[in-house]
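Novice: One structure coming up, written as structure tokens, with questions to follow.
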Amino acid sequence: MPLVTRVTDLIGNTPLFELATTDTGTRLLLKLEQFNPTGAAKIRMAREMVLDAERRGLLNNGGHIIESTSGNTGLGLAVVAAERGYRFTAVVDHHACKDKLRAMHAMGTELVYVADDGDDSLATSAREDLAEAMAAAQPGAYFTEQHNNDANALGYYAVAEELLEDLSRVDILLSAVGTGGSLFGTARRLRELGCPARVIGVEPVGSIAFGGPGGPYWQSGTGTPPGATVGTAVDYSLLDEGVKVSDVAAFATARAVAKKVGLLIGGSAGGSVHAALSRLEEFPPASTVVTIVCDGGEKYLDTVFDDEWMSDRDLLDEATEREVLTWLDRYAPVHDLACAR
């Protein structure tokens, strides 16, 4: 790796991990975005949103960035703001992972909460309203508005390019949909490069992006909660299928993957992996299935991977974990142990 002088120079070229393979040659590959700085994919789009604002004259020297965030976008913006000399204010709620909030604060971010201590409900709509109002009231401030910012999806074009550098093709792109940038930005660029993939979006049960009744959910940084508006980065013209995965199934999958292969993935990635594993044999033989793992599980040791936190919210389900472990055993790739030694 070359010597670099900025943290953002370390973005990209994240590895692919083969999690599962069927007898018909279909593979489930994980694009491990936790190997980016901040441990998440969203630093890709955070950088692009800031660069785009600079190009359009919306951010000037010493400017002020404001964003509503559940954590990972805020972490990315905190890095970019520190590098480029901007003040950054993150509008947050207590639903966000505490480690993400601590990390943002450590990088000089001003945290503004929309809920009182002890209220850990998801408050996406309230966060976005406050962030917009704050930016409008402060000269020189810019609300990046990740859900409705075209630069969001552009930040993920490099994911498609990296995939095609490593793979001959991507047949199925199956990933979580929060803002929509990572899935649809990658899908759009794959299509532009002559490799249109079947696009399957995954959201939590309770999210409203794919229709159906809304309700509360615990998966972080994904979905569209009731009362919030689906952002423009969700490109339905590219979507072939939208599926919903419960918190129980998503978290059980993340926990099972950790136990089986020693890989910590976030809860929303657990939802995508569950959706893929549950129907892996339904895909055409020899399909290359890619899931973008938007962040790692290290940030969720106090939640998804904590038995007490899970039990208190009726999310712990050993039967579902066993089912996922059975799938992982059934589809385990063959390793050449002699070479490994």
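The values are calculated or read from the model by the stated rules, or taken from the named source; none is laboratory data. Bear in mind that the values here come from a model prediction, so they are computed numbers and not experimental data. Don't worry about glycine lacking a Cβ; one is built from the backbone with ideal geometry, like all the others, and counts go over all protein chains shown. Please note that ligands, DNA and RNA were not included when accessible areas were found on the heavy atoms of the full protein model with its side chains. Shrake-Rupley method; radii C 1.70, N 1.55, O 1.52, S 1.80 Å.
Novice: May I ask you to list the residues in region 129-150 that are of a type outside the set (A, V, I, L, M, F, W, C), under 18 Å from R87 (Cα atoms) and not in a loop (DSSP other than H, G, I, E, B)?
Specialist: Hits for region 129-150 are E132, Y142, Q146.
Novice: Report, by residue number, each residue of region 224-248 that is surrounded by 22 or more Cβ atoms within 10 Å (Cβ to Cβ) and modelled with pLDDT of 95 or more.
Specialist: Across region 224-248, the qualifying residues are V234, V245, D247.
Matching residues to (1) open to solvent by less than 30 Å² (accessible area, probe 1.4 Å); (2) in contact with a Ser or Thr (Cβ under 9 Å, 6 or more places away or on another chain):
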| residue | (1), (2) |
| --- | --- |
| D116 | no, no |
| D129 | no, yes |
| G140 | no, no |
| D150 | no, yes |
| G155 | yes, yes |
| I172 | yes, yes |
| V177 | yes, yes |
| G181 | yes, no |
| G185 | yes, no |
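Novice: For region 164-199, which positions are more than 24 Å from P285 (Cβ to Cβ), among the hydroxyl-bearing types (S, T, Y) and either outside any helix (DSSP H, G or I) or free of Cβ contacts under 8 Å to residues at least 24 places away in the same chain (or both)?
Specialist: T179
Novice: Now, a different point. Of all residues being part of a helix (DSSP H, G or I) and among the hydrophobic types (A, V, I, L, M, F, W, C) in region 294-317, which is least open to solvent (accessible area, probe 1.4 Å)? Just the residue, please.
Specialist: M310
Novice: Right, next: Please go through region 227-283 and give me each residue that is without any contact (Cβ under 8 Å) to a residue 12 or more places away in the chain, part of a helix (DSSP H, G or I) and not charged (D, E, K, R), ordered by number.
Specialist: Y236, S237
Novice: Hey, another quick one. Checking A249 against (1) more than 28 Å from L154 (Cα to Cα); (2) within 16 Å of the chain's Cα centre (by Cα); (3) not charged (D, E, K, R): exactly one of these is not met. Which one?
Specialist: (2)
Novice: Would you point out which residue out of T320, T291 is touching a residue at least 40 places away in the same chain (Cβ under 8 Å), surrounded by 14 or more Cβ atoms within 10 Å (Cβ to Cβ) and either over 22 Å from the mean Cα position of the chain (by Cα) or in a loop (DSSP other than H, G, I, E, B) (or both)?
Specialist: T320
Novice: Here are the criteria: (1) assigned to a strand (DSSP E or B); (2) under 20 Å from A96 (Cα atoms); (3) of a type outside the set (S, T, N, Q). Tell me which single one G214 does not satisfy.
Specialist: The number of the failed condition is (1).
Novice: Scan region 17-48 for residues that are in contact with a Cys (Cβ under 6 Å, 6 or more places away or on another chain) and part of a helix (DSSP H, G or I) and jot them down.
Specialist: Answer for region 17-48, where residues must be in contact with a Cys (Cβ under 6 Å, 6 or more places away or on another chain) and part of a helix (DSSP H, G or I): just E33.
Novice: Considering region 97-115 alone, what residues qualify as being touching a Lys or Arg at 6+ places or on another chain (Cβ under 7 Å) and in contact (Cβ under 8 Å) with a residue 40 or more places away in the chain? Steps first, please.
Specialist: The first filter runs over region 97-115 and keeps only residues touching a Lys or Arg at 6+ places or on another chain (Cβ under 7 Å), leaving 97, 99-100, 114.
Within region 97-115, C97, D99, K100 qualify.
Novice: I would also like to ask the following. Which numbered condition in (1) open to solvent by 10 Å² or more (accessible area, probe 1.4 Å); (2) in contact (Cβ under 8 Å) with a residue 60 or more places away in the chain; (3) under 30 Å from A160 (Cβ atoms); (4) of a type in the set (D, E) is the only one that D329 fails?
Specialist: Every listed condition holds for D329 apart from (3).
Novice: Can you pull out every residue in region 95-114 that is assigned to a loop (DSSP other than H, G, I, E, B) and open to solvent by less than 20 Å² (accessible area, probe 1.4 Å)?
Specialist: Answer for region 95-114, where residues must be assigned to a loop (DSSP other than H, G, I, E, B) and open to solvent by less than 20 Å² (accessible area, probe 1.4 Å): A96, C97, T109.
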